[in-house]
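**Q** First, the structure itself, so that you have it in front of you.
The values are calculated or read from the model by the stated rules, or taken from the named source; none is laboratory data. None of these values were measured; they are calculated from a predicted model. We place every Cβ from the backbone using ideal geometry, glycine too, and count neighbours over all the protein chains shown. Heads up: the accessible areas ignore ligands, DNA and RNA and are worked out on the full protein's heavy atoms, side chains in. Shrake-Rupley method; radii C 1.70, N 1.55, O 1.52, S 1.80 Å.
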Amino acid sequence: MTTAATTSYEPLTETTAVSLARDLQFFKEGALLQCHEIGDGNLNLVFHIRDENKTGIIIKQALPYAKVVGESWPLTLHRATIEGNYLKNAAALVPNLVPKVYYTNETLAITIMEDLSHLEIVRNGFNHGKDYPLLSKHIGEYLAKTLFYTSDFGLNQQEKKKLHQKFTNPELCKITEDLVFTDPFFDSETNNFEPELLEEVESLWNDEQLKLEVAKLKYKFLTDGEALLHGDLHTGSIFANEIDTKVIDPEFAYFGPIGFDVGQFFANILLQAITREEEKRSVIISHLHQVWESFTTTFSDLWKTASVEKFTTTPGYLDYVLKKVFAESIGFAGCEVIRRTIGLAHVADLDTIQPYAKRITTKQKALKLGKLLISEAESFKNTKEIELLLEKVIKENF
Ligand code: SR1
Ligand code: MG
C-alpha cells in the first residue's frame, strides 16, 4: 500500500507513527491509539502502538545514523531491508521463534511487526533475577535451524549463493569488525572503560599471542560465509517468558561463520553468570549447557534427515563440523566478552553492578575470562569445561 505518508524518508515521531498506522489500516477507524517510542537499543526508533483493547503493533524504523553516538556516525538505512528479509526468511524456518512481520517499506526504512509486549527482553529479566527455563532449548533450535537451512548442508548450493547476494551487509559488518574484533585490542578512540581497568587493558593491547588469535577470528568473520547469521544474537535481542522465546533485531544479518551466532549467545550467558553469586549462578550456566545440547541435537538430526550435500553421509564429517563450530564459538565468545567490558557498547549486566569496587573486580574477571576463552578456544571439549573455567576465574583473586 502506498500513501502520502510512505513515499519519502523522515524519522517518525509518536504522532506520525500513529498516522502511518492509521493510513496503513492497522486499526479500526476511530480507534483510540496510544503510542510510545520504546527503543532502548543503540541504533533505531521503536514505536509501540496500541488501541483501547490493548491490541498492538511495533513499528521499527532505522535512523540514518547510529543513535548511540549521534549524527556524526552515518549509517545505512538498508539495514531495515536486511532485517525485514531476514525475518521473512526465518519465518519459514523457525515460525514460533521470530516476530511476525506485517509490513515493510524500504523508503521509510521501517518494519511493522507483531507486538511482543507480553514478553520481556531477556537481558533485563536476567538483571532482575528472572529466569526463562525454555530459553536455551529454543535458542539452540533457532541456531540449528536458521544456520543449517542457510548453509551448504541444508540449502541447495546454487540457491545459497543467490541468497548470499541479498544479504551483503558491509556497513553493519564493519561495525562488528571494528567494535568486536579490532578496537578493544588496540588503543582506539571508541573504547570506553574505567581508569581502574587500564592495567588489564594495556596488557591485552600488548599481548601479541592473544592478538594473533583475535586476528584469526576476525579473518573467519571477514571471509567464512558458512550460513546466514543473525549477526547480533545477544540477550538484548531476545524476548521471552516462561514458555515463549522470540528473536528480534537481525539487522546485522550476513553470511558468516556459524560459530559467531552461537558464540554471541554463549558470551552473553557468561556475562550474566559472572555477575551472580554462587547459589544463583547455576541456573544461568545451565543455559550454556542446554543451548549447545539443543543446537547439536537439532543440527545433527537435520544433518541426517535434511541434507543436500552428498558428503554428509561420510563418517566423521558431522563431528568435524561440530568441533570446528564449538571451538570458533568459544573464540568469538571471548571477543564479545571483552568488547562488552571495554569497548563502545557495554551491557547493563556489568555496568549496573553495585558497589563500584565490585563492578571493577567483576570486569577484571570478565577480561580474564574473555582472554582465556580466546587463547584456549581449541582446548575445550564440552561446555562443562567452560563452566569450570568461569568458576576458576571467579574464585581467583586479582
Ligand atoms: C554502534 S552499534 C553498537 C552495537 O550495538 C548493536 O547492538 C551491536 O551489538 C553493535 O556492535
Ligand atoms: Mg540490536
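**Q** Tell me the label-point distance for the pair ASP152, VAL308, using the 7 Å Cα-to-Cβ offset, in nm and rounded to one decimal.
**A** Those two pseudo-labels are separated by 1.3 nm.
**Q** Picking from TYR320, SER286, LEU344, whose Cα lies most toward the positive end of the charge dipole for region 281-345 (charges on Cβ: Lys, Arg +1; Asp, Glu -1)?
**A** LEU344
**Q** Now, a different point. Hand me the trypsin sites (Lys or Arg not before Pro) from region 17-53 located in a DSSP loop with no more than 15 other Cβ atoms within 10 Å, in residue order please.
**A** Details: sites: ARG22, LYS28, ARG50; in loops: LYS28.
Counting only loop positions with at most 15 other Cβ atoms within 10 Å, the trypsin sites (Lys or Arg not before Pro) in region 17-53 are LYS28.
**Q** Please calculate how many Å² of accessible area region 152-196 carries per residue, with a 1.4 Å probe and no DNA, RNA or ligand atoms counted. Numbers along the way, then the final one.
**A** On the way: 2510 Å² over 45 residues.
Heavy-atom SASA per residue in region 152-196 reads 56 Å².
**Q** Still on this structure: Output the 0 to 90 degree angle, nearest 10, between the alpha-carbon long axis of helix 356-375 and the longest principal axis computed from the alpha carbons of the chain.
**A** The angle comes out at about 70 degrees.
**Q** Sequence neighbours fewer than 8 away in the same chain don't count; with that in mind, list the aspartates and glutamates whose C-alpha is under 18 Å from LYS246.
**A** Within reach: ASP40, GLU83, GLU114, ASP115, GLU120, ASP131, GLU141, ASP232, ASP261.
**Q** Measure nothing but the geometry: give the 0 to 90° angle between the long axis through the Cα atoms of 170-179 and the longest principal axis through the Cα atoms of the chain, rounded to 10°.
**A** Roughly 40 degrees, rounded to the nearest 10.
**Q** Under unit Cβ charges (Lys, Arg +1; Asp, Glu -1), what dipole magnitude, rounded to 20 debye, does the chain have relative to its Cα centre? Kindly include the intermediate steps, with their values, before the conclusion.
**A** On the way: 42 positive and 57 negative charges, 178 e Å.
Roughly 860 debye for the chain.
**Q** Can I ask one more? If I take every Cα pair under 8 Å that is 6 or more residues apart in the chain, average their sequence separation and divide by the length, what percent do I get for the relative contact order?
**A** Numbers: 658 pairs, mean separation 66.1, N = 398.
Relative contact order comes out at 17 percent.
**Q** Which GluC sites (Glu not before Pro) from region 44-108 combine a DSSP loop assignment with at most 14 other Cβ atoms within 10 Å? Please list the in-between numbers first.
**A** Working: sites: GLU52, GLU71, GLU83, GLU106; in loops: GLU52, GLU106.
Hits after loop and neighbour filter: GLU52, GLU106.
**Q** For TRP73 paired with LYS216, estimate the spin-label separation in nm (one decimal), with each label point 7 Å from Cα along the Cα-to-Cβ line.
**A** 3.0
**Q** Just tell me which aspartates and glutamates come within less than 15 Å, Cα to Cα, of LYS304; anything on the same chain fewer than 8 places away is out.
**A** Within the straight-line limit of under 15 Å, LYS304 reaches these aspartates and glutamates: ASP152, ASP319.
**Q** For the Cα atoms of the chain, what angle does the longest principal axis make with the long axis of helix 78-93, in degrees from 0 to 90, nearest 10?
**A** It is inclined by approximately 80 degrees.
**Q** Then there is this: Given a 1.4 Å probe and every protein chain left where it sits, what share in percent of the accessible area of region 104-180 is carbon and sulfur?
**A** Here carbon and sulfur together make up 50 percent of the probe-accessible area.
**Q** Quick one: ranking HIS78, HIS287 by accessible area, 1.4 Å probe, largest first, what do you get?
**A** On the way: HIS78 80, HIS287 5 Å².
Accessible-area ranking of HIS78, HIS287, largest first: HIS78, HIS287.
**Q** What size of dipole, in debye to the nearest 20, comes out for region 75-201 about its Cα centre when the only charges are +1 on Lys and Arg C-beta atoms and -1 on Asp and Glu C-beta atoms?
**A** Working: 12 positive and 19 negative charges, 226 e Å.
Taking the Cα centre of region 75-201 as origin, the dipole is about 1080 debye.
**Q** Tell me, what is the 1.4 Å probe accessible area of CYS173, in Å² to the nearest 10?
**A** The accessible area of CYS173 comes to roughly 10 Å².
**Q** Run the dipole for region 1-141 about the Cα centre, Lys and Arg Cβ at +1, Asp and Glu Cβ at -1, nothing else charged, and hand back the magnitude in debye, nearest 20. Intermediate values should be presented prior to the final figure.
**A** Details: 12 positive and 16 negative charges, 62 e Å.
Dipole about the Cα centre, nearest 20: 300 debye.
**Q** Right, here's the next one. Which residue, ILE59, SER300, ILE330, has the largest displacement toward the positive end of the dipole of the chain when charges sit on each Cβ (Lys, Arg +1; Asp, Glu -1)?
**A** Value: SER300.
**Q** If you don't mind, there's one more thing I want to ask. Taking 8 Å as the Cα distance limit and 6 or more residues as the minimum spacing, I'd like the relative contact order of region 80-157 as a percentage. Can you show the working numbers first?
**A** Working: 55 pairs, mean separation 20.3, N = 78.
Value for region 80-157: 26 percent.
**Q** Past 20 Å, Cα to Cα: identify those pairs from LYS100/LYS130; LYS216/LYS323; LYS88/LYS324; LYS218/LYS371, in the order given.
**A** Values: LYS100/LYS130 26 Å; LYS216/LYS323 17 Å; LYS88/LYS324 29 Å; LYS218/LYS371 15 Å.
Long pairs (Cα-Cα over 20 Å): LYS100/LYS130; LYS88/LYS324.
**Q** On average, how much accessible surface per residue is there in region 198-280, in Å², for a 1.4 Å probe, leaving out ligands, DNA and RNA?
**A** Details: 2890 Å² over 83 residues.
With all protein chains present, region 198-280 gives 35 Å² per residue.
**Q** Here is a further query. Expected output is a single nm value to one decimal: the length gained when fully extending between ASP187 and LYS161, i.e. 0.36 nm times separation in residues minus the C-alpha distance. What is it? Can you show the working numbers first?
**A** Working: separation 26, 0.36 × 26 = 9.36 nm, distance 3.79 nm.
Length gained, ASP187 through LYS161: 5.6 nm.
**Q** Need one word for region 1-75: rounded, prolate or oblate. Basis is the Cα gyration tensor (sqrt eigenvalues a ≥ b ≥ c); a/c below 1.5 gives rounded, then a/b vs b/c decides. If you can, show how the numbers build up before the last one.
**A** On the way: a/c = 3.31, a/b = 1.65, b/c = 2.00.
In terms of gyration-tensor shape, oblate.
**Q** Points 7 angstrom from Cα along the Cβ direction at LYS280 and THR13: gap in nanometres?
**A** 4.2
**Q** So if each residue of separation counts as 0.36 nm, and I subtract the Cα-Cα distance between LEU32 and LYS392, what length gain in nm does that give? Mind showing how you got there, number by number?
**A** Working: separation 360, 0.36 × 360 = 129.60 nm, distance 5.62 nm.
Full extension of this stretch gives 124.0 nm more.
**Q** Run lengths n ≥ 4 of DSSP H only: what is the helix-derived mean residue ellipticity at 222 nm for the chain, with -39500 (n - 2.57) per run over all residues, to the nearest 500? Each step should come with its number before you reach the end.
**A** Values: 14 runs with 193 residues, N = 398.
Computed ellipticity for the chain at 222 nm equals -15500 deg cm²/dmol.
**Q** Summarise the accessible area of region 315-396 (1.4 Å probe, protein heavy atoms) by the percent that is carbon and sulfur. Spell out each step's value before the answer.
**A** Numbers: 1920 of 3250 Å².
C and S atoms contribute 59 percent here.
**Q** Based on alpha-carbon centroids, what's the gap between region 235-256 and region 122-157 in Å, whole number please?
**A** Computed from Cα coordinates, the inter-centre distance equals 8 Å.
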